[in-house]
Ligand code: ADP
Ligand code: MG
């Protein structure tokens, strides 16, 4: 979605890309309910780059799964591009997830038997955009992430940093409003991690909205804003 399209003329404000209202989430373990997220409020505006930090086990991935609608909260509201996701049907939700959100994970999550180009094209199989030359676009994105000479390689034939570049190109193929990245440099050495962060930084400069989980304080310099998750709440101090 074009960020400009979300401008509300009447109220003279932009619609947040993400709005979380009083989110809570617990996991049922044995006969116990273990609360992980207790009361989360978060707004992310178009074009923002927000880093979410917190110790291991603090619920960062759980929070990301709520934002990306990969899982549902036990209470509270998730609004994406101003739409309450609870009001959407399963196919509508699948479409929103496929077209409006680009996911990047710590473990790259590429399909081993597919080449770079095929992995990048994968999200277009379920949601085809009319009039878009998918192959051309995939090639452009692969070039953009610096893998022009690796178009036909399989993931196992590439380094971790190269695989993460493929994952970033894949996340962009449907031109999503939002990029969600869960510790995208977590499995990379620091030099390779910096190169990946530069790609995110460029995307941000071009106006993409990015929410990135990290536990590396050095990486937060790339973000506009850092949000700290601790004991199930967002602590801005
Ligand atoms: P982080 O990403 O910050 O390391 P997670 O969101 O992965 O943390 O996990 C937060 C807590 O929730 C951890 O204690 C973890 O063990 C627990 N947890 C995560 N997923 C599940 C699950 N599906 N069932 C039960 N507990 C879970
Ligand atoms: Mg995690």
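The values are calculated or read from the model by the stated rules, or taken from the named source; none is laboratory data. Source: prediction; values computed, not measured. Cβ sites come from the backbone with ideal geometry, for glycine too, and all protein chains shown count toward neighbours.
Computed values, structure above
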item: Residues being in a helix (DSSP H, G or I) and in contact (Cβ under 8 Å) with a residue 24 or more places away in the chain - total across the range 202-217; result: 3
item: Only listed residue being within 10 Å of ligand 1 (Cβ to nearest atom) and either within 19 Å of residue 220 (Cα to Cα) or out of contact with any strand residue (DSSP E or B) (no Cβ under 9 Å at 6 or more places or on another chain) (or both), chosen from 50, 29; result: 29
item: All positions within the range 88-121 that are at pLDDT 95 or above and assigned to a helix (DSSP H, G or I); result: 116, 117, 118, 119, 120, 121
item: Filtered residues of the range 24-74 (kept if touching a helix residue (DSSP H, G or I) at 6+ places or on another chain (Cβ under 7 Å) and farther than 18 Å from residue 103 by Cα); result: 25, 36, 37, 40, 54, 73
item: Residue 181 vs. criteria in contact (Cβ under 8 Å) with a residue 24 or more places away in the chain, assigned to a strand (DSSP E or B) and either touching a helix residue (DSSP H, G or I) at 6+ places or on another chain (Cβ under 9 Å) or closer than 21 Å to residue 135 by Cα (or both); result: yes
item: Residues that are within 13 Å of ligand 1 (Cβ to nearest atom) and exposed (fewer than 14 other Cβ atoms within 10 Å of the Cβ), drawn from the range 213-232; result: 230, 231
item: Residue that is farthest from residue 62 (Cα to Cα) [pool: residues in the range 184-212 that are within 16 Å of ligand 1 (Cβ to nearest atom) and surrounded by fewer than 22 Cβ atoms within 10 Å (Cβ to Cβ)]; result: 187
item: Subset of the range 104-113 that is away from ligand 1 (no atom under 16 Å from the Cβ) and closer than 23 Å to residue 185 by Cβ - its residue that is farthest from the chain's Cα centre (by Cα); result: 112
item: Near pairs, Cβ below 7 angstrom, 6+ apart or cross-chain, from the range 55-78 (farther than 18 Å from residue 230 by Cβ and near ligand 1 (Cβ under 8 Å from one of its atoms)) to any residue that is modelled with pLDDT under 95 and not in a helix (DSSP H, G or I); result: 65/71
item: Number of the condition not met by residue 70 [criteria: (1) modelled with pLDDT of 95 or more; (2) surrounded by 13 or more Cβ atoms within 10 Å (Cβ to Cβ)]; result: (1)
